[in-house]
Amino acid sequence: AQTTVDLDGERDNLRSRETNLGNLICDLLRDYTRADVCLVNAGGIRASVPAGPITVGTVLKVVPFSNRIATKRVSGDQLWRALERSASLERPAGGFFQVSGLSLVIDGNALESVMVGNEPLDRGATYTLAAPEFLLQGGDGYELLTDGEEPVYLGFTDNSIVIDTLKERGTVSPAVEGRIVIR
């Protein structure tokens, strides 16, 4: 595969704000799982990628931990509380989320609003979340994600999904889209 743009995987950027690499990884995982939303802890993304070819070795540097990916049905309230925790972290923080399928506004360190797709997050609704096993087992202080239904593991790791879906897409040009607005 190849990227037409530099993919920003700089540690402080990923752990503080939306980046195009965070968007790409979350989009690939969400598309693969067909989940409503995807959350990935920024600490699980470890390298930038310059414009040009993307090799298997490159992907393994970017997402080196081989976290199994799972889906889980979560309440809107549970999703809100997870996003609220991410927003409240002193940035840069490895537990800060990169996201797909939603957008959010953070005022300082307080979660102000969340849109899932084009609708406000409904705290009484149920959403399908795609996330790495690390988060779903309570990593980075997200014990609240262990509540409720058990995750459905797909049998694939984050890096294998990224490799396979990049091969299918061929060329990517992700951008920062305003998914995470910090005031």
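Backbone geometry of region 144-149 corresponds, through the Karplus equation with coefficients 6.51, -1.76 and 1.60 at θ = phi - 60°, to 3J(HN,Hα) couplings of 4, 7, 7, 6, x, 4 Hz, x marking Gly and Pro. Split the chain at each of the GluC sites (Glu not before Pro) in a DSSP loop with at most 12 other beta carbon atoms within 10 Å, and the longest piece is 1-89. Surface composition of region 56-183: carbon plus sulfur atoms contribute 50% of the solvent-accessible area (1.4 Å probe, protein chains only, all chains present). Accessible area per residue for the chain, computed on protein heavy atoms with a 1.4 Å probe, is 44 Å². Between the residues GLY52, VAL5, CYS26, the greatest Cα displacement towards the positive end of the dipole of region 1-57, with unit charges on the Cβ of Lys, Arg, Asp and Glu, is found for CYS26. When the Cα positions of VAL37, THR165, ALA110 are compared along the charge dipole of the chain, THR165 comes out farthest toward the positive end, with charges on each C-beta of Lys, Arg, Asp and Glu. Of all DSSP-defined beta bridges confined to the chain, some 80% are antiparallel rather than parallel.
The values are calculated or read from the model by the stated rules, or taken from the named source; none is laboratory data. Since the model is a prediction, treat every value here as computed from it, not as a measurement. Neighbour counts run over all protein chains shown; Cβ positions are idealised from the backbone, glycine included. Accessible surface is based on the protein model in full, side chains and every heavy atom, while ligands, DNA and RNA are left aside. Shrake-Rupley method; radii C 1.70, N 1.55, O 1.52, S 1.80 Å.
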